[in-house]
Amino acid sequence: MTIKQYAVIGLGRFGVSVARRLHEAGLEVLGIDINEERVEDAEPYVTHAVIADTTEEKALNSIGIRNFDCVIVAIGIDMQSSILTVSLLKEMGIKKIIAKALGKRHGQVLDKVGANWVVYPERDMGERVANQLLSPNMLNYIELSKEYSIEEIIIPSKMAGQNLRNLNIRAKYNVSVIAIVREGNITISPSPEQIMEERDVLVMIGHRKDLTAFSNLE
């Protein structure tokens, strides 16, 4: 399903950051919050912003929530409102519901009442900081599972000037290079003859422990 219209419910820091990124990508984004001040603050970062209590089905109907392909429920500390909103959206037939969870138990309930994807911003940020401390050359990562991930890693300085064939990274380190980022340009599935340069960023896939070991090479 190609998603063209998004609604973000809850315009705190997380909700606004999601809405802003989608809006900057040229997509239609409706921002919704029960707090008038937050709605006003979010107006520059969304296509439209409205004040509404999303725990009321009548309010959701009045803003035409059924017209949106995806709804992100980013309600802050009010777990009851978050759960009720997700439940109502599910009942109204929203195809894709993404919900922010404050903790494991909250996330389990959100999953049960109909969220298609539950995210844990605080936990994920904590893991990101810890991973950065453990792997100082890692710039970013996407978790595929508890064991495997895709990571952006600055090339170890000793590898500069050599090509991928000679480095034989997969055989030596049990990880695969799927792309190279150089000065903002990305090369997908690089040739084995590709010469590595100082400060190249390798996009790599593999077991997390192997990626951590590689990122700690000097």
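The values are calculated or read from the model by the stated rules, or taken from the named source; none is laboratory data. Note that the structure is predicted; figures quoted are calculated from it, not measured. Heads up, the Cβs are rebuilt from the backbone with ideal geometry, glycines too, and the neighbour counts pull from every protein chain shown. These accessible areas exclude ligands, DNA and RNA; they are computed on the full protein's heavy atoms, side chains included. Shrake-Rupley method; radii C 1.70, N 1.55, O 1.52, S 1.80 Å.
Per-peptide packing, taken as the mean over residues of other Cβ atoms within 10 Å, places 12-18, 202-208 in the sequence 202-208, 12-18 from highest down. At an R0 of 41 angstrom, the distance between the Cβ atoms of Lys95 and Glu183 translates into a FRET efficiency of 0.55. Taking the protein heavy atoms of the stretch 1-119 in the context of the full set of protein chains, the accessible area attributed to carbon and sulfur is 48 percent at 1.4 Å. Restricting the count to DSSP beta bridges whose residues both fall in the chain, what percent are antiparallel, rounded to a multiple of 5? Restricted to the chain, the bridges split so that about 55 percent are antiparallel. Note that the stretch 1-103, at 10 °C in a medium of 1.306 mPa s, gets a Stokes-Einstein diffusion coefficient of 120 µm²/s from its Kirkwood radius over C-alpha pairs. In the chain, taking the dipole from charged Cβ atoms about the Cα centre, the farthest positive-side position among Val18, Leu60, Ile153 is held by Ile153. Solvent-accessible surface (1.4 Å probe) assigned to Met159 amounts to roughly 10 Å². Near Gly161, once Lys and Arg are set to +1 and Asp and Glu to -1 for all other residues with Cβ below 12 Å from its Cβ, the sum equals -2.
On a per residue basis, the chain carries 57 Å² of accessible surface, using protein heavy atoms and a 1.4 Å probe. Can you tell me how much longer the chain between Glu37 and Ala171 gets when fully stretched, taken as 0.36 nm per residue apart minus their C-alpha distance, in nm with one decimal? Residue separation times 0.36 nm, minus the Cα-Cα distance, leaves 42.6 nm.
With 25 Å as the limit on Cα-Cα distance, the pairs of Lys4/Lys104; Lys112/Lys209; Lys4/Lys90; Lys96/Lys209 that go past it are Lys4/Lys104; Lys112/Lys209; Lys96/Lys209.
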